[in-house]
Amino acid sequence: MDKIAELEKLAELRKKNVITEEEFNSLKQGVITNGVNGEEPKNGVAYVLLATFLGNLGIHNFYAGYIKRAVAQLLLTLFSWILLFLPLFAVQIWALLDMCLINKDARGVPFVGDKTLIKLIRITFVALCSLGYLIVIIGIIFGLMAQMNVPAAHIVQYYYCLLYTSDAADD
């Protein structure tokens, strides 16, 4: 019954305009999730940053309490050399999807933190990963075309050389 009383007090403060709607929602979430298994809710910004920088090792899933997922990601990463590092790419995509789609910890408690910052980090990292994958794919395609002596690769190389040699001649 203590939680109900706290929620009523918060609602009263909101009605009197002592706290804003955003503060009310944040405090309400804290009252609701406080005391679940004696732990506080996890920070969403921390989860997203861990997934961004240490996602291949599964550290973000250890943080959120998804132990089985985390161990699977860690083992796939550590032993990916056995299968020519192909599992590493799968784990990287898996971590990217975790970062974008997971909004609750293993207990089902929603992450707390600045939602705008979380979205900004997610969008930025997805854009950078997409750009990186695109550059790698284009490089592989042009490398294969050059190996097979495909005229399109020679045309691109010709215009590339023409572009940079004309700039040097103008100086």
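Could you tell me how many degrees, from 0 to 90 and to the nearest 10, lie between the Cα long axis of helix 151-170 and the main elongation axis, the longest principal axis, of the Cα atoms of the chain?
Computed tilt is about 90 degrees.
If you add up the charges near Leu50, with Lys and Arg at +1 and Asp and Glu at -1, over every other residue whose beta carbon is less than 12 angstrom from its beta carbon, what do you get?
Result for the local shell: 0.
Quote the charge dipole size of the chain about the Cα centre in Debye, to the nearest 20; the model charges only the Cβ of Lys and Arg (+1) and of Asp and Glu (-1).
Using only the charged Cβ atoms, the result is roughly 660 debye.
On full extension of the chain, what length is gained from Leu144 through Ile67, given 0.36 nm per residue of separation minus the C-alpha to C-alpha distance?
Additional length available on full extension: 23.6 nm.
Suppose R0 equals 45 Å. What FRET efficiency, 1/(1 + (r/R0)^6) with r the Cβ-Cβ distance, do Gln157 and Phe79 give to the nearest 0.05?
0.70
Would you kindly find the accessible area of Ile141, with a 1.4 Å probe and non-protein molecules such as ligands, DNA and RNA excluded, rounding to the nearest 10 Å²?
Accessible area of Ile141: about 80 Å².
What nm value, rounded to one decimal, do you get for the distance between Ser130 and Glu6 when each label is placed 7 Å out toward the C-beta?
Computed distance between label sites Ser130 and Glu6 equals 4.0 nm.
Could you please put Phe142, Phe79, Phe111 in sequence from largest to smallest accessible area, using a 1.4 Å probe?
Output order, biggest surface exposure first: Phe79, Phe142, Phe111.
How much of Cys161 can a 1.4 Å solvent probe reach, expressed as accessible area in Å² and rounded to 10?
My reading of the accessible area for Cys161 is about 70 Å².
Going down the list Lys68/Lys104; Lys16/Lys119; Lys42/Lys115; Lys16/Lys104, which pairs span over 24 Å between their C-alpha atoms?
Lys16/Lys119; Lys16/Lys104
Let me check something: with ligands and nucleic acids excluded, how do Lys15, Lys9, Lys3 order by accessible area (1.4 Å probe), largest to smallest?
Largest to smallest exposure gives the sequence Lys15, Lys9, Lys3.
How far apart, in nm, are the 7 Å Cα→Cβ label points at Asn17 and Lys104?
Distance between the two pseudo-spin positions: 3.6 nm.
Hey, what angle do you get for helix 115-147 against the long axis of the chain, alpha-carbon based, 0 to 90 degrees rounded to 10?
Tilt relative to the chain: about 20 degrees.
Would you indicate which of (1) 16.6; (2) 15.9; (3) 20.1 is the value of Kirkwood radius over Cα pairs in Å derived from the coordinates of this structure?
(3)
The values are calculated or read from the model by the stated rules, or taken from the named source; none is laboratory data. Just so you know, these numbers come straight off a predicted model, no measurement behind them. Note: ideal-geometry Cβ built from the backbone for every residue, glycine included; neighbour counts use all protein chains shown. Ligands, DNA and RNA are excluded from the accessible area calculation, which covers all protein heavy atoms including side chains. Shrake-Rupley method; radii C 1.70, N 1.55, O 1.52, S 1.80 Å.
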